[in-house]
Amino acid sequence: QVQLVESGGGLVQAGGSLRLSCAASGRTFSMDRMGWFRQAPGKEREFVGHIIWSRGSTYYTDSVKGRFTISRDNAKNTVYLQMNSLKPEDTAVYYCAAAYTRSGTTRYDYWGQGTQVTVSS
């Protein structure tokens, strides 16, 4: 129903920057938000932040606040994760996801394949 294509992962030194992209296609109407998640080896999947698609308002977890920025291009149905001042602790597989609200509950129903971000010290 909805396809997400990610790009932009790679290797970067601590203190550097990287921008991830996630393009959505398919039945994207009524999409509530797009979120970014990450998962490091041996750890649970962690919520990074999200953007409300229609409004552009954003929300971030404390560990990335002030360093990461989520933005969107409505015309391209694309969301971006700009990562600055990267730390080795940011090393993880990063996933984008699309969420819809149903019966009062917002749930991430569609996920990208993930892209590896490695930050060296």
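The values are calculated or read from the model by the stated rules, or taken from the named source; none is laboratory data. It should be emphasised that the depicted structure is a prediction, and the values quoted were computed from it without experimental measurement. Cβ: placed from backbone, ideal geometry, glycine included. Neighbour counts: every protein chain shown. When the accessible area is computed, the model is the full protein with side chains, heavy atoms only, and any ligands, DNA or RNA have been set aside. Shrake-Rupley method; radii C 1.70, N 1.55, O 1.52, S 1.80 Å.
Tabulated data for the structure shown
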{"read-out": "Candidate set from region 68-82 (those that are more than 11 Å from residue 21 (Cβ to Cβ) and open to solvent by 50 Å² or more (accessible area, probe 1.4 Å)); member that is farthest from the chain's Cα centre (by Cα)", "value": "75"}
{"read-out": "Unique match (being over 16 Å from residue 12 (Cβ atoms) and surrounded by 13 or more Cβ atoms within 10 Å (Cβ to Cβ)) among 99, 92", "value": "99"}
{"read-out": "Strands (runs of 3 or more DSSP E) wholly inside region 1-40 that include at least 2 residues being of a type in the set (Val, Ile, Thr)", "value": "2-7"}
{"read-out": "Filter result (open to solvent by less than 50 Å² (accessible area, probe 1.4 Å) and either in contact with a His (Cβ under 6 Å, 6 or more places away or on another chain) or of a type in the set (A, V, I, L, M, F, W, C) (or both)) within region 2-28", "value": "2, 4, 12, 18, 20, 22, 23, 24"}
{"read-out": "Matching residues in region 41-58 - criterion: being in a loop (DSSP other than H, G, I, E, B) and within 17 Å of residue 81 (Cβ to Cβ)", "value": "45, 53, 56, 57"}
